[in-house]
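Since the structure comes first, as structure tokens, the remarks are kept for the end.
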Amino acid sequence: MMILRYTLLPLAAALLLSACAVSPVAPPAALAAPAQFKEVGPWQRASSAASPIVPDAWWTLFKDPVLDDLQQRLVIGNETLKSSVAAVASARAVLTASQSAVFPTLSAGVSGARNGSPTATTSLAAQNPNNSASLSLNASWEVDLWGRLSQASRGATSALQASADDLASARLSAQATLTQTYFSLRTAEAQAQLLERSVTAYQRSLDLTQARYDGGVAPRTDVLQAQTQLSSAQGQLAELTAQRGQLEHAIAVLLGLSPSVLTLAPTALLPDTLQVPARLPATLLERRPDIAAAQARVAASYAQIGVTDAAFFPALTLSGGTGFSNSSLVNLVNTPNLFWSLGSALAVSILDGGQRKQASAQARASADQVTASYRQVVLTALQEVEDNLVLGYQLQQELNWQAQALQSAQRNLEITLDQYRAGTVSYLNVVVAQTAALGVESNLFGVRNRQLAAVNQLLKNIAGRWEPIELTKPEQASVAQ
């Protein structure tokens, strides 16, 4: 009875101190998004309670079957996504390990030994050595009085959530990059097609000028100007051909393929410009996975504060063991050879040179840093949406003006060519008119590409995953969704 009293004394002392258990430090409240976005436009008709109408697979709104097929291949082969899947698996293993730490540990062992020591009157060969054999079973359990283990488990849960959200964010980023690269490729094709038509037209102009020169009607400078214009257009066409090839290579790498195995048939077709959805409350940003990941890291950092604070309190460990011990393996498992032990230990560090204090200060500073990073992520997300809202709207206006400018430039070119054939203007006027028409039409394709990029980024920023990540789902399923 006396032995049991001393054995349980540390446990009783720990229970008396348990009223001083560490209180978890609550993380700061999430940064609230404004009710609506600042930029004016048709999307302002929505209220914050409006339902989202953008699908997760926002690229399907462009109605391009080639792009849809590339997106399906992306989530299967992209190496960055595979890396993120492995990171989620690693975080899940850390969580499982932290959860198992709250349970008792059990170990078994078997040992055998033969020992002896010579004396002054006996030699090593003449002494009688002792034999021993034992079979034991030991258990130990750290009682989580101060919440250290539970806080560590809570932090690991938040870290897993952050990794899952990172995976979703990486998937969104890869999908948006693929979409924009695809648009740039089609834009390069359209501009190359425009230059091919221009090269054909410039060749006809050169032939006409050469004929006029041979007939003594036009000066030699007209021929040189026509030849310069043709060669310049041919050089631009070569540049666009190289650019198109590089964009195709970039798409292959996004799909996890070697550039040599992917060939996309040129179409020179850009999808129609989309109208920005009318229902775009700013609260949609709360569902962006990169924001969710940053918020989960805040929770994990504040859980770490609880872990470091618990180090100031004693650690209580309960232990017990039983087994059999004998001088030989014969009849080892027998009642007379049985032994057992039961004990408890209460240990606390008294002098550590300030290590616990510094660890606690470091955890708090880290939490402040992660919180500031989270707020910056939210502000950056708001900026991205505002930027693409104003771009999407203003580029549509620019597109309309460029279309009108193209009509005027083409009509001016027709008139100038007729005047040159009639001999009323020099070829320099033709060069100026042709350059203006080519520049305006090329700019028109550039504006369309920029507008598609803005709409693509906007839809990516507000689409994403509408529901929280299901941590019970396999990681591969999370990628494919």
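Read-outs: derived from the displayed coordinates by stated rules, not from any lab. On a predicted model such as this, the values are computed, not experimentally measured, just so you know. No Cβ is skipped: glycine too gets one built from the backbone with ideal geometry, and neighbour counts run over all protein chains shown.
Along the Cα→Cβ direction, 7 angstrom out, place labels at residue 312 and residue 408. What is the inter-label distance in nm?
Each label point is offset 7 Å from its Cα along the Cβ direction, giving 7.4 nm.
Once Rh for region 349-433 is found with the Kirkwood sum over Cα pairs, what is the Stokes-Einstein diffusion coefficient at 25 °C and 0.890 mPa s, in µm²/s?
127
Using θ = phi - 60° and the Karplus curve 6.51 cos²θ - 1.76 cosθ + 1.60, what whole-Hz ³J(HN,Hα) does each residue of region 235-243 get, with Gly and Pro shown as x?
Running phi through 6.51 cos²θ - 1.76 cosθ + 1.60 with θ = phi - 60° gives x, 5, 5, 5, 5, 5, 5, 5, 5 Hz.
Given 5 Å bins starting at zero, what is the percent of C-alpha pairs of region 123-245 in each, up to the one with the largest pair distance?
All Cα pairs, binned at 5 Å, distribute as 2, 8, 8, 7, 6, 6, 6, 5, 5, 4, 4, 4, 4, 4, 4, 3, 3, 3, 3, 2, 2, 2, 1, 1, 1, 0, 0 percent.
Over all directions, how big on average is the projection of the convex hull of the alpha-carbon atoms in region 291-372, in square nanometres?
Average of the hull's projected areas for region 291-372 equals 9.9 nm².
Give me the aspartates and glutamates in straight-line cross-link reach of residue 63: C-alpha distance below 14 Å, same-chain residues under 8 apart excluded.
Straight-line reach from residue 63, under 14 Å: 272.
If you average the alpha carbon positions of region 54-79 and of region 328-396, how far apart do those two centres end up, in angstrom?
37
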